[in-house]
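Notes to accompany the following structure.
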Amino acid sequence: MKNILLSGCLLAAAAAASPAFAESTFPFTCSEIQFAYAGANATIKAVCLKQDGSPNATSLTLQGISNENGQLKQGGGPATFQKSCGDIRIIVNGPNVLLAAQCRTTAGSSNPTSMALNNISNNNGNLQQ
């Protein structure tokens, strides 16, 4: 997968930013992990193995993520970051999963940013958080 490469500093920053959350376990039983749109919603798409070993195409709608002056932030409600961010991608390194993007600042410039996506698992072929 092309998004497997991850710099150590991004990984360390993401882990330090959210120590109370558990790592995501779905990368160990899912493949083809990517960011996608489902209508106006931001989602993670993947093909995950069911308990019987058969593959299942699945997706999970991202919730509560916003762009605050060029920085991805977790909050409540529906995700809105996709309205002001581009080059959105999912970066996977073992159990560490990052959402990365180029997000617009209030001054109008573009800022590279990322945040950890924690507590996502594969429940019999379906992504859940």
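Inspect all residues belonging to the range 67-82 and state whether any of them is of a type in the set (Phe, Trp, Tyr) and buried (at least 16 other Cβ atoms within 10 Å of the Cβ).
Yes: the range 67-82 contains one or more residues that are of a type in the set (Phe, Trp, Tyr) and buried (at least 16 other Cβ atoms within 10 Å of the Cβ).
Would you pick out the residues in the range 89-129 that are assigned to a strand (DSSP E or B), hydrophobic (A, V, I, L, M, F, W, C) and under 13 Å from Ile33 (Cα atoms)?
Result: Ile90, Ile91, Val92, Val97, Leu98, Leu99, Leu127.
Among residues belonging to the range 37-81 that are assigned to a loop (DSSP other than H, G, I, E, B) and not small (Gly, Ala, Ser), point out the one that is farthest from Ser121 (Cα to Cα).
Result: Asn69.
Being modelled with pLDDT of 95 or more and under 10 Å from the mean Cα position of the chain (by Cα) narrows it down to one residue among Leu98, Leu72, Leu127, Leu49; which is it?
Sole residue among the options that is modelled with pLDDT of 95 or more and under 10 Å from the mean Cα position of the chain (by Cα): Leu98.
The values are calculated or read from the model by the stated rules, or taken from the named source; none is laboratory data. The structure displayed is predicted, hence computed values, not measured ones. When we count neighbours, we look across all protein chains shown, and the Cβ atoms used for this are built from the backbone with ideal geometry, even at glycine.
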